[in-house]
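**Q** Can you read through this structure? Questions will come right after.
All of the numbers you see were taken from the coordinates with simple rules; none came from a lab. Just so we're clear, the structure is a prediction, and the values are computed from it rather than from any experiment. Positions of Cβ are generated from backbone atoms using ideal geometry, with glycine treated the same way; all protein chains shown enter the neighbour counts.
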Amino acid sequence: MRFIPTLVHGVIDYIVGLVVIALPFMLGFQGATRLTLVALGIIAILYSLITDYELGVVRYLRVRFHLMLDIVFAIAMLTLPSFLDFPADLRWPNYLIGIAALVLVATTEIRATGTADQDNNKEITR
């Protein structure tokens, strides 16, 4: 059941991107762990900026493709603690964000209000 509007999803995208960027600094991570989390947060913000939804700036990626990228993001968040050897007591934020991202993907509406696709359909029906 998809009930989360894409506008709400967009707000969450930007907040989560910023949280993922801040996470290694808050947890005191260094080196590859810090760099990887900062890069992942920046990538999440960048693909949100080019998504065809209300908060997209360029509106290039379809919402369905954005949701697929969110699944990749979630899998990365869930697996990074194992690959980068996070301390056991500091893995939970990654797991929480990864699971929340999967839930958000499963519950977000597919069609954004005012998308380029809807605008094109209006012109065709005129």
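**Q** Between Ala88 and Val72, what length in nm is gained on full extension when 0.36 nm per residue of separation is reduced by their alpha carbon distance?
**A** Values: separation 16, 0.36 × 16 = 5.76 nm, distance 2.27 nm.
Length gained, Ala88 through Val72: 3.5 nm.
**Q** Considering amide H positions built from the backbone, and no H for Pro or chain starts, which residues 5 or more places from Leu61, or on another chain, come under 5 Å of its amide H?
**A** Thr51, Asp52
**Q** Once you put a point 7 Å from the Cα of Ile4 and another 7 Å from the Cα of Tyr60, both along the Cβ direction, what distance in nm separates them?
**A** Placing both labels 7 Å along Cα→Cβ, they lie 2.4 nm apart.
**Q** Could you sort 85-98, 15-28, 49-62 so that the peptide with the highest average Cβ count within 10 Å comes first and the rest follow in order?
**A** On the way: 85-98: 14.2, 15-28: 16.1, 49-62: 17.8.
For the peptides 85-98, 15-28, 49-62, the packing ranking is 49-62, 15-28, 85-98.
**Q** Hey, got the dipole for region 1-86? About the Cα centre, +1 on K and R Cβ, -1 on D and E Cβ, debye to the nearest 20? Intermediate results must be reported in sequence, preceding the final value.
**A** Numbers: 5 positive and 5 negative charges, 27 e Å.
Dipole about the Cα centre, nearest 20: 120 debye.
**Q** What's the angle, to the nearest 10 degrees (0 to 90), between helix 116-125's Cα axis and the longest principal axis of the chain?
**A** Orientation of helix 116-125: about 10 degrees from the principal axis.
**Q** Here's a follow-up. Could you work out how far apart the two model spin labels at Ala39 and Tyr14 are, taking each label as a point 7 Å from the Cα in the direction of the beta carbon, and quote it in nm?
**A** Inter-label distance under the simple model: 2.6 nm.
**Q** Between the helical axis of 6-27 and the dominant principal axis of the chain, each derived from Cα atoms, what acute angle in degrees is found, rounded to the nearest 10?
**A** 20
**Q** Now for a separate question. Just one of [x] 13.8, 44; [y] 15.5, 50; [z] 16.1, 60 is Rg and Dmax of the Cα atoms in Å calculated from these coordinates, so which is it?
**A** [z]
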